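What follows is a short report on a single structure.
The values are calculated or read from the model by the stated rules, or taken from the named source; none is laboratory data. Predicted model, so just to flag it, every value in this text is computed and none were measured. Methodologically, a virtual Cβ is constructed for each residue, glycine included, from the backbone with ideal geometry; neighbour enumeration extends over all protein chains shown. Side chains included, ligands, DNA and RNA excluded: accessible areas come from the protein's heavy atoms. Shrake-Rupley method; radii C 1.70, N 1.55, O 1.52, S 1.80 Å.
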Amino acid sequence: MQQIPLIDLQSIRFAYPVQSKESAPSALALNDVSLQARQGEYIALLGHNGSGKSTLARHCNALLIPASGRVLIAGLDSAEQGNWRTIRETVGMIFQNPDNQIIATVVEDDVAWALTVRGISAQEIRERVAWAMQAVGIAHLRGMPPGKLSGGQKQRLAIAGVLALRPQCIIADEATAQLDPLARQEIVALLHLLNKDFGLTIIQVTHLLEEAALAQRIVVMERGKIVMEGTPPQVFADLARLRALKLAIPEPLMLAAGLRKAGFRISPDALTVEAIAQELLL
Ligand SMILES: Nc1ncnc2c1ncn2[C@@H]1O[C@H](COP(=O)(O)OP(=O)(O)O)[C@@H](O)[C@H]1O
Ligand SMILES: [Mg+2]
């Protein structure tokens with residue numbers, strides 16, 4: 001049997017309701033977007049502020065329903081309300097502000113919360129919570145009040161809460177935006193680990209090119225449309241286009257471009273300063 005895509009967006013359009021009678025009809029936040037994500041894929045969804053990334057992400061777990069087109073999650077149509085619960089268990093989301101995702105007063109209760117309201121047995125909740133905390137590296141914090149955690153630990157907690165529902169996909173919507181650079185790298189590394197170790201499909205939403213460098217595929221949005229798509233070396237090869245899409249070009253990419261201009265052969269796969277240095281040593 002041919003495997004169906006885990007996420008299948010078919011020509012979706014979406015506009016937010018107009019705020020007042022006087023305001024102009026709202027522009028389309030998503031304008032004819034099609035995107036398929038395979039089971040186990042790691043996709044970076046890139047675009048500047050307001051390009052439609054969060055709107056697309058919210059369509060993937062039925063928080064928003066398209067005005068036209070279809071959204072199929074593991075084959076289930078998000079237009080049918082009866083599918084919403086399964087869809088939301090299949091695709092979990094992590095958001096930018098870790099504080100908004102905390103519900104309970106103790107870490108392990110917070111991880112358990114979504115399971116408790118689903119009426120899962122106490123024994124299974126204990127097992128799933130222990131596993132999820134272990135998987136994200138917060139087992140030692142189980143008795144802590146979440147308010148005492150660092151930003152990075154709070155995002156790990158949010159990921160554990162989603163993992164406990166045994167999703168097939170996690171969408172991290174700018175989940176690192178409020179973290180310091182080290183915590184940021186650690187959360188990206190954790191997403192990659194979950195992808196490798198558990199085969200979870202990951203969609204990492206970001207406006208930072210450097211965060212997209214390790215994805216299998218980059219999808220770039222602008223004005224509610226997908227405007228570029230490819231592997232990181234393919235997408236990063238067109239710096240002028242990325243600049244025109246209002247994306248900041250990270251130092252290593254500028255460096256590699258400058259070296260190529262000066263006659264050095266730098267592989268398109270060299271996306272970090274370390275990798276570029278290696279290329280020069282060859
Ligand atoms: N709740 C909302 N109500 C009205 N317009 C919105 C709302 N959320 C987003 N938008 C508009 O939809 C467009 C896409 O926004 P969004 O999906 O949040 O982009 P991104 O996540 O890439 O920053 C923008 O023009 C934004 O202003
Ligand atoms: Mg957003």
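Yes/no matrix, rows are residues, columns are (1) in contact with a helix residue (DSSP H, G or I) (Cβ under 8 Å, 6 or more places away or on another chain); (2) within 16 Å of ligand 1 (Cβ to nearest atom):
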{"residue": "Tyr42", "(1), (2)": "yes, no"}
{"residue": "Asp77", "(1), (2)": "yes, no"}
{"residue": "Ile94", "(1), (2)": "yes, yes"}
{"residue": "Asn100", "(1), (2)": "no, yes"}
{"residue": "Val111", "(1), (2)": "yes, no"}
{"residue": "Arg128", "(1), (2)": "yes, no"}
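Residue-wise test of (1) within 16 Å of ligand 2 (Cβ to nearest atom); (2) exposed (fewer than 15 other Cβ atoms within 10 Å of the Cβ); (3) of a type outside the set (Ser, Thr, Tyr).
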site: Ile202; (1), (2), (3): no, no, yes
site: Val205; (1), (2), (3): yes, no, yes
site: Glu210; (1), (2), (3): no, no, yes
site: Arg217; (1), (2), (3): no, no, yes
site: Val220; (1), (2), (3): yes, no, yes
site: Gly230; (1), (2), (3): no, yes, yes
site: Gln234; (1), (2), (3): no, yes, yes
**Item:** Matching residues in the stretch 140-178 - criterion: being closer than 12 Å to Phe95 by Cα and assigned to a loop (DSSP other than H, G, I, E, B)
**Value:** Glu174, Ala175, Thr176, Ala177, Gln178
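Can you name every residue in the stretch 49-106 that is assigned to a loop (DSSP other than H, G, I, E, B), touching a residue at least 60 places away in the same chain (Cβ under 8 Å) and crowded, with 16+ Cβ neighbours inside 10 Å? First the steps, then the outcome.
Initial filter on the stretch 49-106 (assigned to a loop (DSSP other than H, G, I, E, B)): 49-52, 60-67, 74-75, 78-80, 95-97, 102-106.
Imposing the further condition that a residue be touching a residue at least 60 places away in the same chain (Cβ under 8 Å) reduces the set to 49, 51-52, 60-61, 74-75, 95-97.
Within the stretch 49-106, Ser51, Gly52, Cys60, Asn61, Ala74, Phe95, Gln96 qualify.
Report whether or not Gln153 is at pLDDT 95 or above and away from ligand 2 (no atom under 16 Å from the Cβ).
Details: at pLDDT 95 or above: yes; away from ligand 2 (no atom under 16 Å from the Cβ): yes.
Yes.
Here are Leu239, Leu247, Leu255, Leu259: which of them is open to solvent by less than 20 Å² (accessible area, probe 1.4 Å) and either within 16 Å of ligand 1 (Cβ to nearest atom) or of a type outside the set (S, T, N, Q) (or both)?
The match here is Leu247.
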**Asked** Which condition number does Gln123 fail, the rest of (1) among the polar types (S, T, N, Q); (2) more than 22 Å from Arg38 (Cα to Cα); (3) surrounded by 13 or more Cβ atoms within 10 Å (Cβ to Cβ) being met?
**Response** (3)
**Fill in**
Those residues of the stretch 13-25 which are basic (Lys, Arg) and either modelled with pLDDT under 95 or open to solvent by less than 10 Å² (accessible area, probe 1.4 Å) (or both) amount to Lys21
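Matching residues to (1) away from ligand 1 (no atom under 16 Å from the Cβ); (2) within 19 Å of Gly230 (Cα to Cα); (3) in contact (Cβ under 8 Å) with a residue 40 or more places away in the chain:
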{"position": "Ser150", "(1), (2), (3)": "yes, no, no"}
{"position": "Val162", "(1), (2), (3)": "yes, no, yes"}
{"position": "Gln168", "(1), (2), (3)": "yes, no, yes"}
{"position": "Glu211", "(1), (2), (3)": "no, yes, yes"}
**Prompt:** Could you list, in sequence order, the residues of the stretch 68-102 that are farther than 16 Å from Leu6 by Cα, among the charged types (D, E, K, R) and modelled with pLDDT of 95 or more?
**Reply:** Glu80
**Prompt:** Is it the case that some residue within the stretch 26-36 is more than 16 Å from ligand 2 (Cβ to nearest atom), among the polar types (S, T, N, Q) and surrounded by 16 or more Cβ atoms within 10 Å (Cβ to Cβ)?
**Reply:** yes
**Asked** In the set Ala172, Ala160, Ala177, Ala189, which member is within 16 Å of ligand 2 (Cβ to nearest atom) and closer than 21 Å to Thr201 by Cβ?
**Response** Ala172
**Message:** Would you confirm, using the coordinates I've provided, whether Ala135 is surrounded by 14 or more Cβ atoms within 10 Å (Cβ to Cβ), modelled with pLDDT of 95 or more, touching a Phe, Trp or Tyr at 6+ places or on another chain (Cβ under 9 Å) and within 22 Å of Glu89 (Cα to Cα)?
**Reply:** yes
